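Structure first, commentary second.
Values quoted throughout were computed directly from the atomic coordinates according to the rules given, and no laboratory measurement underlies them. This structure is a prediction, so every number in the text was calculated from the model and none was measured.
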Amino acid sequence: QAKEDGRGIFRFANLEKNQVAQDRLVLGSALRDSLAQGMLQLHYQPQVRTHTLELSGVEALSRWHHPHLGNIFPSRFIAVAEETGQIEAIGRWSLQEACRQIVKWDRDGIHVPTVAVNLSAVHFRNRALPEHIATLLKDHDLKPARLTVEITESVMMDNSRDTEEVLQSIRNLGCGLSMDDFGTGYSSLSRLTRLPLTEIKIDRSFINDFEYDTNAQAVTMAVIGIGSRLGMTVVTEGVETEQQRELLEKLNCDVMQGYLFAKPLAPQDLEQWVRKGGAPAVIREIEAARAG
Ligand code: C2E
Ligand code: MG
Ligand code: MG
Ligand code: MG
């Protein structure tokens, strides 16, 4: 009896695994087609200076709308792309697209100081990456500081010499280098000091319920202190409420990003947002609603 049960469970687990694998197969080939047909898009989420509410930059986030499969979120397709080896193509595409967009904004008189692009761990094992970025910047006639590369803690954990050298070369070009989702992975503080980072982004899980969670506040305050003393810009992501914003202002975090200011926006919607007055206009409206 027990054996049979065991086998039943085993078979069930296998079935689920097959479904996941099939999902990957379907998504993987759909992704290949969509990428080839230019059906991926970048949306841009504003990043705002805490004390002045000026736009400090935008983060580029991939969006995929498939005619039959609908909207597929990056949490699902980036993992597929990493497994199927398509992430390199996505990275090259997003770097290129972000550069093209920032040049267009410059021409249209929309001032976006920097654009941040997310890259996965595999990119940094490719020694050709810094040269590729340098060429892109040159082709678009962009100052390197206009581009920030966001890495995750999995990149930090990659102890290979190649990765460290690639990161250093990107930094030497003059691009920003940001540690994304800080506090969720396994990175040690010593790694933080060894890498040539210009910025850390405190993960939004610390900012959820931040108003009511004094432990999260304590950790955030400590990370802001460490980051500032290491000369890095400290960004908090996932800022959703006015209370969170006010608290983060008191804690002297440098830059904020979150739905409070704007969701990731299509390029033309970002332009609209800027033209309507950006974050100061958003906050004025909230304060007016509060007062009246
Ligand atoms: P991330 O780089 O940490 O990006 C921030 C994520 O938080 C985005 O989710 C954004 O929409 C979301 N977010 C921003 N503000 C708020 C907020 O106030 N509240 C909440 N609940 N969420 C907020 P998204 O766009 O779904 O992307 C998820 C992750 O997928 C990204 O996390 C990034 O790791 C990855 N990703 C997205 N685009 C790319 C890409 O082109 N390449 C690579 N390698 N990864 C990407
Ligand atoms: Mg990011
Ligand atoms: Mg993040
Ligand atoms: Mg995140």
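With a threshold of 27 Å on the Cα-Cα distance, the entries Lys104/Lys138; Lys104/Lys263; Lys104/Lys276 are all at or under it.
Beta bridges assigned by DSSP with both partners in the chain are antiparallel in approximately 40 percent of cases.
Only aspartates and glutamates eight or more places from Lys201 in sequence, or on another chain, were considered; those with a Cα closer than 17 Å are Glu59, Glu150, Glu153, Asp180, Asp181, Glu237, Glu240, Glu249, Asp254. Would you please give the residues with an amide H less than 5 Å from that of Ala266, counting only those at least 5 places away or on a separate chain, with H modeled from the backbone geometry? The list, which skips near neighbours in sequence, is Tyr44. Each residue of the stretch 107-122 in turn: what ³J(HN,Hα) in whole Hz from Karplus with 6.51, -1.76, 1.60 and θ = phi - 60°, glycine and Pro shown as x? Once θ is set to phi - 60°, the couplings for the stretch 107-122 become 4, 8, x, 9, 8, 10, x, 9, 10, 9, 10, 7, 10, 8, 3, 4 Hz. Each principal axis of the stretch 56-99 carries a Cα extent, and these read 35, 22, 16 Å when sorted largest first. Relative to the longest principal axis of the Cα atoms of the chain, the long axis of helix 129-139 makes an angle of roughly 50 degrees.
Using the Karplus relation 6.51 cos²θ - 1.76 cosθ + 1.60 with θ = phi - 60°, the per-residue 3J(HN,Hα) values for the stretch 20-34 come to 4, 4, 5, 3, 4, 5, 5, 4, x, 6, 4, 5, 4, 5, 4 Hz, with x marking Gly and Pro. Across the stretch 279-291, coupling constants 3J(HN,Hα) worked out from phi with the 6.51/-1.76/1.60 Karplus curve, θ = phi - 60°, read 4, x, 5, 4, 5, 4, 4, 4, 5, 5, 5, 5, 6 Hz, and Gly and Pro carry x.
With the gyration tensor restricted to C-alpha atoms of the chain, the semi-axes of the equivalent ellipsoid amount to 32, 25, 22 Å, longest first. Backbone amide hydrogens, once placed in the peptide plane, bring Glu150 within less than 5 Å of Val117, Asn118, Leu119, Ser178, excluding anything fewer than 5 places away on its chain.
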